[in-house]
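Undergrad: One structure, pasted below without further comment.
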Amino acid sequence: MTDSTFLDKIATVILNDNLDNLSDLIVVLPNKRAKVFLIEALRNKVEHTVFAPEIISVEDFVQDIAGIRAVDSIELLFEFYEVYLGITDKAQQQTFELFANWAKTLLQDFNEIDRYLLDPLHVLSYLKDIEDIKKWGIEVDQKTKLLENYIDFWKLLPVYYKALYEHLLKKGIGYQGLIYRQAVENLDHFSGAVTGKNFLFAGFNALNASEEKIVQHLMAAGLAKIYWDVDGVFLDDPYHDAGLFVRRFKQQWKHYKSHPFDWIVDDFKGSKNIQVIGTPKTIGQAKIAGSIIEKAVQENTVSLNKTAIVLGEENLLVPLLYALPDSVGALNITMGYSGKNNPAQILIAKLFKMHTNALSRSGDNYVFYYKDVLDILTHPLVEPYSGTSGLVRIINEQNYTFITHKKVMELNEHPGDLFLLLFNKWQSGSLQVLDVISQLLLIIKSNLSNDSEEEKITKAFVFSIYKVINKLINYYSQHQHIDKIETLYAIYKQIIDLAEVSFEGEPLNGLQIMGVLESRVLDFETVIVTSMNEGKFPAGKSQNSFIPYDVKKELGLPTFKEKDAIYTYHFYHLLQRAKNIYLLYNTESDGLDGGEKSRFITQLEVENQPKHNLTHDIYNTEVPTVAYQPVIVPKSEQVMVRLREIAAKGFSPSALTSYIRNPIQFYMQKILRISEVEEVEENIALNTLGTIIHETLKALYDPYICTFLTAEIIKDCIKNIDAEVLRQFKEVYKEGEIKKGRNLLAFEVAKRNIFNFLKLELQEIEQGDAVKLLALEHTYERLLEHPGLPFPVLIKGNVDRIELRNGKIRIVDYKTGKVEARDVVLKQWHKLTAESKTDKIIQVLAYAFMYAPYLEGKEMEVGIISFKNLRSGFMPFTFKEDKVGVTVVTAEISENYIEQLVLLLNEILNPAIPFEEKVV
């Protein structure tokens, strides 16, 4: 059997050299994930049952040497804060929130100093001296308190380091660097205690100073061997970053002065098909990766068991899962997916937002903002299980902008456990909050089943956040002086990235989806790499450290040069033994996920190995030849039944004008009866303001119907404006806030509009107009029977005001928007139903048509009063022919209008004419 992968070769060495004493062998690998693949490689090579060697990751191995438990970064931050409070003057002590901002960076520097076995006092004093030099030019009298504190901070760094180191050692815990330093100090004792054991290090590339010392010590003692996986192409090229570290080790390690270097391979030069594919945006890469897999499955050209999709950025995971074909079957995700986009995390973040907002504005009264409440109630992990659709509807209908905790509880008469936990008041400290969230996540997890892959993944998301919350409960139990909700939220946001989701799967079966670091030591025949853009692959330069670049360079600490070299090795290792390689990148240079093509792609093009078939394609979405196709809906039998139903119940003037504006809008509203979604109206909409003005005028004038208006009546109405507008606001706007912001302005605008209208009315009466009110907000209807219609049609509508003014009937339509006199002037009848700008004329003439039977021989005018154009007063409909305008609705005008109305209705009711969208 040929050894096609690195782990196959390692398995062969293990069995050839250690078959009789496998249980005495300890294999150390760069990560834990490679263990299962090595065991499988061993299983394929043995013919009978044997004890497998111990296989361990390098981090676990170093922990064993040091005898110290590793702590996660959150526990470390809490421990550091305890130390910080113990050695910092009370007057200078910062809150945990402020402390965490710089402490995380400092801990990373402590970690690097220890991993590379540097003298911490020398390095940290060096930083203090650099800052002192920077401030040399400042006169003593110019040194502020802030500047002195800044210099004191740098002086304290060695103190912080020493105190933290001793504190952690006493507890038997440590961060990675501390553990590595202690392991090096413990090497002699360890190597003397492991008699009879052999160590095999395999697949390493970059080693820090501690790891180098440990490996070299064990090799010098004859206890260990190390097998590299580096290609001659990279090792022999003094400028190739993929061989940067191994070249150093080969040249500098004493062992290689007298021993061979295992192994240098020659796989990269082999035959490879490398397809570079550029496509716009991240989602395009997911689609292409899915289509590559789909094609491979259909044509059976590659084995999915030997195929890996390596994601340059983890955000691509979910789009990729949706893009993969159903035929994939077995799938294994071996990568960490951070908590940032986790749906359970998003719910918790919204919960924090809702309660912190409520606390900040509550005082004794716990008050929620409606958007925060709806965000929680409509979240996909809550909505299907909370039974709160009725509460959502009430909040929308009643316009609750701000809603008290008491009112929330009153409006939901039968609250379940999920609802009670969501709206449990956060007034008893951080531990109570964390306990509530923990219980909440357990309930959400119990609501999810294992019936679908989607729910299984969601369950994994929920459980990952649950574990982080329980860790926080543990830390807060020990550090109860950190008890502000705002601080808790700040800590939660800082640690949520640690909530990595572990997906269950079969690592040896099916398609592998992994991150870059998870691909270490593993080999695949087909590799698809995404996000091959600068700043993504490799990651861009980041200086998350207090130690300047020059100092790092001088002291031998890794800089971005070394970090780039690590990425370079991983990339080329993926390609080393692969046969089919797809490199996907985003062609868009702008936006959050943009960036130029990765330098690795350019490097492959420049290197140009003879047996590499490198092709470059750009995939763009297909642009349709027609930008937009208008919607056309034919009139089916059901549509005609509905039209007959409308004709019997009544066509309103607004329905007729909506058809003229856009037949599809008419179809949606009148045929399908689709109404707008009810939402909270946080700021008063124009139509709501219009309703309030209409209803206020009706209420003020109602007592005087069938009465001639007098100046005294109008003056009484003016006195009642404020009270009536307020009443109508409460009636129409329900629980909406009207005492603040834009709504207060709208309230004042409504009062001002009505006052100006009444003032105009008073002026006209005082000038001698005799005005008798006949009807307000009254509904009229009239059956239109005409030989040109297939069946009689009822015209029905609500008229704002009908009055008898100076012996003439006047029908008035109020408009809260701006209308000019020219908007109600018509010159040619054939244009009435052909243009949407005549909609106001169609409406007012419809009112004239409906009221005509009640005229009793009187003349009639119809028109508009615009509240934004009150200086124009009543603007009557005018038919202007030959420059002579007629404002009275004559018999001829009525006949012409009816003819145009019949033409319009015929078009609406004709089964052969479809509803066709008007595209502006």
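Undergrad: What is the local net charge at Ser57, summed over the other residues whose Cβ is closer than 14 Å to its Cβ (Lys, Arg +1; Asp, Glu -1)?
TA: -2
Undergrad: Would you work out which of Leu522, Tyr322, Met409 lies farthest towards the positive end of the dipole of the chain, given +1 charges on the beta-carbon of Lys and Arg and -1 on that of Asp and Glu, about the Cα centre?
TA: Among Leu522, Tyr322, Met409, the one farthest towards the positive end of the dipole of the chain is Met409.
Undergrad: Now, a different point. Hey, what angle do you get for helix 485-495 against the long axis of the chain, alpha-carbon based, 0 to 90 degrees rounded to 10?
TA: Its long axis makes an angle of about 50 degrees.
Undergrad: Of Phe729, Val825, Pro630, which is farthest on the positive side of the dipole of the chain, counting Cα position, with +1 on Lys and Arg Cβ, -1 on Asp and Glu Cβ, and the Cα centre as origin?
TA: So the residue we want is Val825.
Undergrad: Another question, then. If each DSSP helix of 4+ residues adds -39,500 (n - 2.57) and the sum is divided by the residues in the chain, what number results at 222 nm, nearest 500 deg cm²/dmol?
TA: Estimated from H runs of four or more residues: -15000 deg cm²/dmol.
Undergrad: I need the shape label for the stretch 280-425. Rule: rounded when a/c is under 1.5, else prolate if a/b > b/c, else oblate, with a, b, c from the alpha carbon gyration tensor.
TA: Prolate, since a/c reaches 1.5 and a/b exceeds b/c.
Undergrad: Taking the Cα centre of the chain as the origin and placing charges on Cβ (Lys, Arg +1; Asp, Glu -1), which of Ser386, Gln176, Gln843 is farthest toward the positive end of the dipole?
TA: Gln843
Undergrad: Around Leu584, with a cut-off of 12 angstrom between Cβ atoms, what is the net charge of the other residues, counting Lys and Arg +1 and Asp and Glu -1?
TA: Net charge in that neighbourhood comes out at +2.
Undergrad: Here is a follow-up. Quick check on the exposure proxy: order Ser658, Ser4 from fewest to most C-beta atoms within 10 angstrom.
TA: Lowest to highest Cβ neighbour count: Ser4, Ser658.
Undergrad: For Rg and Dmax of the Cα atoms in Å, the listed values are [x] 39.4, 124; [y] 33.5, 103; [z] 28.7, 83; which was obtained by calculation from the structure presented?
TA: Of the listed options [x] 39.4, 124; [y] 33.5, 103; [z] 28.7, 83, [x] comes from this structure.
Undergrad: A further question on this structure: In the stretch 1-105, which trypsin sites (Lys or Arg not before Pro) fall in coil by DSSP and have 16 or fewer other Cβ atoms within 10 Å?
TA: In loop regions of the stretch 1-105 (DSSP not H, G, I, E or B), the sparsely surrounded trypsin sites (Lys or Arg not before Pro) are Lys32, Lys45.
Undergrad: Using θ = phi - 60° and the Karplus form 6.51 cos²θ - 1.76 cosθ + 1.60, what ³J(HN,Hα) does each residue of the stretch 874-884 get, whole Hz, x for Gly and Pro?
TA: Calculated HN-Hα couplings, in order: 6, 10, x, 4, 10, 9, 10, 10, 6, 6, 9 Hz.
Undergrad: In degrees, nearest 10, range 0 to 90: what is the angle between the Cα axis of helix 453-478 and the longest Cα principal axis of the chain?
TA: 70
Undergrad: In addition: What GluC sites (Glu not before Pro) in the stretch 156-260 are in a loop by DSSP, with at most 13 other Cβ atoms within 10 Å of the Cβ?
TA: Those that pass, being in a loop and sparsely packed, number zero.
Undergrad: Also, quick follow-up: Using a ≥ b ≥ c from the Cα gyration tensor of the stretch 340-498 (square roots of the eigenvalues), is it rounded, prolate or oblate, where a/c under 1.5 gives rounded and otherwise the larger of a/b and b/c decides, a/b for prolate?
TA: Since a/c reaches 1.5 but b/c is at least a/b, the shape of the stretch 340-498 is classed as oblate.
Undergrad: Could you size up the charge dipole of the chain around its Cα centre, putting +1 on the beta carbon of Lys and Arg and -1 on that of Asp and Glu, and report it in debye to the nearest 20? If you can, show how the numbers build up before the last one.
TA: Numbers: 101 positive and 123 negative charges, 274 e Å.
Around 1320 debye, computed over the chain.
Undergrad: Once a ≥ b ≥ c are taken as the square roots of the eigenvalues of the Cα gyration tensor of the stretch 637-916, is the result rounded (a/c under 1.5), prolate (a/b larger than b/c) or oblate (a/b not larger than b/c)?
TA: Cα axes put the stretch 637-916 in the oblate bin.
Undergrad: Okay, next question. Give a residue-ordered list of calculated ³J(HN,Hα) values for the stretch 428-437 (Karplus: 6.51 cos²θ - 1.76 cosθ + 1.60, θ = phi - 60°; whole Hz; x for Gly, Pro).
TA: 3J(HN,Hα) across the stretch 428-437, in whole Hz: 10, x, 5, 4, 4, 4, 5, 5, 4, 5.
Every number in this text was worked out from the coordinates using simple rules, so none of it is lab data. The structure displayed is predicted, hence computed values, not measured ones. Note that we place each Cβ from the backbone using ideal geometry, even for glycine, and neighbour counts take in every protein chain shown.
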